[in-house]
Amino acid sequence: MLRKKLDHFVEEICKYNNFTQDKTEEIQYVMRLMMYEVLKIITIIIMFSILGYSKEVVLIIFTMICVKPFTGGYHETSQKRCLIATTMLCCLTILMAKNSNLNLVSTILISIINIFCIYHQAPIVNKCMPITKLSLIKKNNRIALINYIILSMISIFIIKYRVYSNIIIWTLTINVCLMFNSKKHGEVQ
């Protein structure tokens with residue numbers, strides 16, 4: 001129902017602006033994706049706020065927003081599966097952050113490994129969201145690398161706030177791990 005209303009709203013605006021049908025469909029698709037992402041983020045924040053982890057989950061989501069679009073990698077095949085996977089990854093990240101005691105040296109070493117992986121592998125091109133332009137691939141690699149360096153530095157600078165420092169490092173590390181999923185979209189193993 002919400003999707004139909006959004007599509008109708010976009011269609012009316014596109015009609016008013018004399019957009020082509022192809023452009024209208026493209027805008028509808030982007031708006032649907034944005035709506036699903038916003039709903040997913042709100043749902044996850046509400047769930048974790050009820051459990052008392054609102055700051056932690058907001059930090060995880062912020063970190064993922066800064067890196068995931070530029071690194072590519074693992075994607076679920078439906079919005080429902082994406083919500084479940086994202087919720088599980090947030091739980092895993094919070095558990096790891098609360099139960100690990102990374103010191104300055106380990107934080108720096110994990111950051112170096114993460115940055116090395118990003119430099120050599122990002123972005124991972126997925127069949128669901130293929131990138132074909134070499135210039136866009138290089139741009140995404142550069143943005144991912146810069147964002148990883150900045151977030152790693154933040155994690156190092158806030159090391160005295162162990163849980164938040166750990167959340168950043170573990171979120172970045174999990175994102176790197178998701179870049180190396182061996183199952184390609186649409187393939188059966």
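Name the residue from N166, L92, N114 whose Cα lies farthest towards the positive end of the charge dipole of region 82-170, charges +1 on Cβ of Lys and Arg and -1 on Cβ of Asp and Glu.
N114
Of K4/K80; K4/K40; K40/K98; K5/K138; K138/K160; K55/K80, which ones are farther than 26 Å apart at the Cα?
K5/K138; K138/K160
Return the calculated 222 nm mean residue ellipticity for the chain, to the nearest 500 deg cm²/dmol, obtained by summing -39500 (n - 2.57) across DSSP H runs with n ≥ 4 and dividing by the residue count. Please report the intermediate quantities before stating the final value.
On the way: 7 runs with 144 residues, N = 189.
Using -39500 (n - 2.57) per qualifying helix, the result is -26500 deg cm²/dmol.
Using modelled amide H (1.01 Å from N, peptide plane; none on Pro or chain starts), what sits under 5 Å from the amide H of G72, excluding residues fewer than 5 places away?
Residues meeting the amide H criterion: I124.
Between the helical axis of 79-99 and the dominant principal axis of the chain, each derived from Cα atoms, what acute angle in degrees is found, rounded to the nearest 10?
10 degrees
On C-alpha positions alone, give me the angle between the axis of helix 134-157 and the longest principal axis of the chain, in degrees, nearest 10.
Compared with the principal axis, the helix lies near 40 degrees.
Expressed as a whole percentage, what fraction of the accessible surface of the chain belongs to carbon and sulfur atoms when a 1.4 Å probe is rolled over the protein heavy atoms? All intermediate terms of the calculation are to be shown ahead of the outcome.
Details: 8130 of 11970 Å².
Reported share for carbon and sulfur atoms: 68 percent.
How much accessible area per residue does the chain have, in Å², with a 1.4 Å probe?
It amounts to 63 Å² per residue over the chain.
The values are calculated or read from the model by the stated rules, or taken from the named source; none is laboratory data. From a predicted model like this one, the values you see are computed outputs, not experimental measurements. Note: ideal-geometry Cβ built from the backbone for every residue, glycine included; neighbour counts use all protein chains shown. Side chains are part of the model used for accessible areas, which takes the heavy atoms of the whole protein and leaves out ligands, DNA and RNA. Shrake-Rupley method; radii C 1.70, N 1.55, O 1.52, S 1.80 Å.
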